[in-house]
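See below for the structure under consideration.
The values are calculated or read from the model by the stated rules, or taken from the named source; none is laboratory data. Nothing here was measured: the structure is a model prediction, and the numbers come from that model. Here Cβ is always computed from backbone atoms with ideal geometry, including for glycine, and neighbour counts include all displayed protein chains. Note: areas computed on protein heavy atoms with side chains; ligands, DNA, RNA excluded. Shrake-Rupley method; radii C 1.70, N 1.55, O 1.52, S 1.80 Å.
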Amino acid sequence: MDDAPITLTQLDGELPRHDFAALLAARALQLPPRSVETLQVNLTKLCNQACRHCHVDSSPSRTEALSPEGVAAVLEVLARHPQIGKLDLTGGAPELHPQFDELVRAAVRLGKQVMVRHNLTVQLDGHPQTGESKAYLPAFFAEQGVEVISSLPYWQEFFTDSQRGKGVFGKSITAMQRLNAVGYGIEGSGLVFNLVYNPVGPYLPAAQAGLEADYKRELRDKFGLHFNNLYTITNMPIHRFALHLRKSGQYQAYMDKLLAAFNPAAAEGVMCRSLISVDHRGRLYDCDFNQQLGLVAEAGASASLFDFDYQALMSRRIRWGSHCLGCTAGAGSSCGGATAG
Amino acid sequence: MSNYFESEDLAKFGQIGRHAPKLAEDFFKYYGNVTATDGALSKREKALIALAVAHAQKCAYCIDAYTTQCLETGSNPEQMMEAVHVAAVMQAGITLAHSVQMYNHLDKLVL
């Protein structure tokens with residue numbers, strides 16, 4: 001798979017009807033920031049996988065990672081802002097960052113809810129560049145009480161391996177068994193294990209509740225596995241997925257599908273209204289998708305982890321793009337799944 | 001036009017109302033009420049039925065539309081292919097069942 005960074009942005013050759021800001025204006029919808037409840041930090045673009053839909057273009061050859069000064073700044077911002085209750089660690093595979101364990105421990109000590117976007121296979125693959133084992137992760141997660149959120153495109157091998165690579169489904173099942181073994185997803189343990197579904201192509205996710213019931217039944221019956229919640233997430237038309245759509249002549253049809261499914265209730269609940277995204281250089285964004293598109297938050301000097309100003313961020317104007325149609329289609333989409341009923 | 005059944009024509013379905021808008025409106029309302037809602041059957045089950053009918057009726061537009069709809073309502077390729085087999089076996093069964101008519105007539109003709 002081609003894992004080189006892709007320079008094509010969603011802004012190339014965009015049609016006027018896909019202008020998200022104009023759509024909001026036409027419907028008299030205003031979506032200002034509500035809060036910063038979550039600091040979502042993209043610790044590293046390095047990953048042991050190279051998925052076909054990855055909006056970060058992560059792969060085993062990427063090297064970008066948050067500096068030690070950046071890690072210290074994350075903790076300083078968290079310590080200074082009791083209203084920011086959640087630290088959401090993503091990547092790449094965030095566990096491949098050299099200070100991952102240290103950051104998790106320190107954030108937990110600050111009383112924050114720590115969430116890790118854990119791709120499961122890193123437990124078995126280890127560090128793709130150093131070979132360091134990551135088999136300790138389930139026990140570490142349990143010890144720290146972090147919430148584990150993992151992608152599993154489907155409860156069958158076909159869809160999962162199509163999207164995430166050959167052999168990923170089998171490894172994911174093994175990794176899930178190890179998480180269950182330390183209590184994750186087991187009733188009464190208090191250890192939360194959520195799964196993420198996203199479509200394997202340019203179509204919208206099925207209803208979250210129905211899919212969750214399918215996943216729970218099939219994973220339990222076939223593999224004896226347990227988890228807490230399933231989040232459905234729509235594929236964002238940017239980077240690697242956008243390139244696939246353009247190459248296969250499906251880009252405009254997908255954008256039209258997202259537009260036709262625009263849901264004002266989903267728009268109200270978009271995650272950028274209560275989250276700030278941080279990149280490996282400490283720059284701030286409205287969401288992880290804007291981060292990958294280089295759309296820095298409109299907050300002047302405060303668009304930096306090193307000059308974090310809560311009030312300035314609250315008064316910023318969220319930067320919209322055509323990709324925002326992905327978060328507002330159908331039942332909506334966010335890092336926590338559907339945003340509308 | 002040089003070709004019949006262009007895939008882009010699927011998006012023109014709404015144009016059936018050009019010379020009969022009220023009838024088209026009635027049809028689309030009925031269509032939506034039947035296919036786009038969970039009723040005694042779920043949207044997922046209805047999409048699988050529609051996929052099977054699309055194959056039985058050999059409608060390329062409908063096959064495209066309901067392949068997508070099946071995925072968007074949570075079906076997987078195994079379930080979708082089983083639905084196509086239901087259509088296939090029904091058609092085979094209907095053909096074979098008509099042999100009763102053949103035998104009825106055969107019995108009349110043969111002394």
Shape call, chain A: gyration tensor on alpha carbons, a/c limit 1.5: rounded
Point-charge dipole on Cβ atoms (K/R +1, D/E -1) for segment B:38-109, about Cα centre, debye to 20: 220
Gaussian network model of chain A, Cα within-10 Å springs - most flexible of A:L96, A:L24, A:L284: A:L24
10 Å Cβ neighbours from other chains, averaged over peptide B:72-78: 6
Nearby aspartates and glutamates by direct alpha-carbon distance to A:K134 (threshold 20 angstrom, same-chain neighbours under 8 apart not counted): A:E64, A:D88, A:E95, A:D101, A:E102, A:D125, A:E143, A:E147
Helix-only [θ]222 nm of the protein assembly as shown, DSSP H runs n ≥ 4, -39500 (n - 2.57) each, per residue, nearest 500: -12500 deg cm²/dmol
Candidate residues A:H55, B:H19, B:H105, A:H239: accessible-area rank, largest first, probe 1.4 Å: B:H19, B:H105, A:H55, A:H239
Most mobile listed residue (A:L245, A:L204, A:L87) in chain A, GNM with C-alpha springs under 10 Å: A:L245
Rel. contact order, % - alpha carbon contacts under 8 angstrom, at least six apart, chain A: 22
Options B:V100, B:C70, B:L41, ranked by Cα towards positive dipole end of segment B:38-109, top entry (Cβ charges): B:V100
Segment A:89-109-segment A:268-298 distance, computed between alpha-carbon centres (Å): 19
Length-normalised contact order of segment B:38-109 in % [C-alpha pairs under 8 Å, at least 6 apart]: 33
Solvent exposure, largest accessible area first (probe 1.4 Å, DNA, RNA and ligands not counted), of A:E102, A:E147: A:E102, A:E147
16 Å Cα-Cα reach of B:K58 towards lysines, excluding residues that sit fewer than 8 places from it in its own chain: none
Peptide-level mean, for B:40-53, of C-beta atoms on other protein chains within 10 Å: 1
Cβ neighbours within 10 Å from other chains - mean over A:203-216: 3
Top of A:A107, A:A25, A:A65 by mean-square fluctuation, Gaussian network on chain A, Cα under 10 Å: A:A25
Antiparallel DSSP beta bridges within chain A, as percent of all bridges there, nearest 5: 20
